[in-house]
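The values are calculated or read from the model by the stated rules, or taken from the named source; none is laboratory data. These numbers come from a predicted model, not from an experiment. Please note: Cβ atoms are built from the backbone with ideal geometry, for glycine as well, and neighbour counts cover all protein chains shown. When the accessible area is computed, the model is the full protein with side chains, heavy atoms only, and any ligands, DNA or RNA have been set aside. Shrake-Rupley method; radii C 1.70, N 1.55, O 1.52, S 1.80 Å.
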Amino acid sequence: MGGKYYGANHTHPDPFTTTYVPMFPAQDIKYLAMVAARYDWNGTAPRNRDYSIFVLTLTVPGGTYALKIKDLLKLNAVMNNVEKYKKMEKEIEKEFEKIGNTDMGKLTKALLKVMHDFDLGISLYEAEQNLSKWSELSLSDPSNQSSSITKTPCN
C-alpha cells in the first residue's frame, strides 16, 4: 500500500466449501480508502487529484466485482470516524449473515443498500463473464433492499 499503487484484486474462496462471503466486506472498503490515502501524488495539488482511479476488485465463483471511489470526502467521513465505521461494518456483517453466503443477488443488494445508507461515496461494478465489459450496479430504489438491481454499462 502506498507509492504508486491505485488498485488491487483478490478472491474469496468458494462459498459452498468455506464460510467466506462472496462479496466485499467492510474491511475491503477500508482497504480502498487506505490505498487512496497513502497514494504518492508526487506534488499534485489536492484539488487536481482524481480519486476515481482507485479500484479494488473481487473475483468469486459468481463473478467479478469492483469498488471505486466517487467521492473521497464522503468515504473519509465514514472511514475516519471509528463509531460510523464500526456501525457500517456491523450492518454489512448482519445483512450478510442473514442472507448466507450463496445468494449473490441478495448479497449485492445488501451491500448497495449499506453503501447508500452510509453515503459512502463509492460505487459497485460487475464485469461480464469474459471481463470485456463492466456495469455500475445500483438499486432501482436505493432505500429499498428488495428493489431490483440496475446495471448501467460503463464506457
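Expressed to the nearest 5 percent, the antiparallel share of DSSP beta bridges inside the chain is 75 percent. Evaluating 6.51 cos²θ - 1.76 cosθ + 1.60 at θ = phi - 60° for every residue in the range 132-147, the Karplus couplings come out as 7, 9, 10, 10, 7, 9, 8, 8, 4, 10, x, 8, 10, 5, 7, 5 Hz, glycine and proline recorded as x.
Please state the charge dipole magnitude for the chain, taken about the Cα centre, from unit charges on C-beta atoms (+1 on K and R, -1 on D and E), reported in debye and rounded to the nearest 20.
Working: 19 positive and 18 negative charges, 75 e Å.
It works out to roughly 360 debye.
Counting only residues at least eight positions apart within a chain, or on another chain, the lysines with an alpha carbon under 20 Å from that of residue 98 are 86, 87, 90, 106, 109, 113.
Near residue 55, the amide H atoms lying under 5 Å from its own belong to 7, 8; only residues 5 or more places off or on other chains count, and H is placed 1.01 Å from N.
Of the chymotrypsin sites (Phe, Trp or Tyr not before Pro) in the range 39-118, the ones in a loop by DSSP (not H, G, I, E or B) with at most 13 other beta carbons within 10 Å are 41.
Using helices alone, I'd like the mean residue ellipticity at 222 nm for the chain: each DSSP H run of four-plus residues gives -39500 (n - 2.57), total over residue count, nearest 500.
Values: 4 runs with 53 residues, N = 155.
The helix contribution divided over the chain gives -11000 deg cm²/dmol.
Applying the criteria of a DSSP loop state and at most 16 other Cβ atoms within 10 Å to the GluC sites (Glu not before Pro) of the range 107-137 yields 128. Remark on the range 30-90: Rg and Dmax equal 13.4, 41 Å (Cα only). When you filter the trypsin sites (Lys or Arg not before Pro) in the range 75-155 for DSSP loop state and at most 12 other Cβ atoms inside 10 Å of their Cβ, you are left with 133.
So what is the relative contact order of the range 31-145, in percent, for Cα pairs below 8 Å that sit 6 or more residues apart? This gives 25 percent for the range 31-145. Surface composition of the chain: carbon and sulfur atoms hold 49% of the protein heavy-atom accessible area at a 1.4 Å probe. Look at (i) 12.0; (ii) 9.5; (iii) 7.9: the one that is mean projected area of the Cα convex hull in nm² derived from this structure is (ii). The Cα center of the range 86-155 and the Cα center of the range 1-65 differ in position by 15 Å. Using the 1.4 Å probe convention, the accessible area of the chain works out to 57 Å² per residue with neighbouring protein chains retained.
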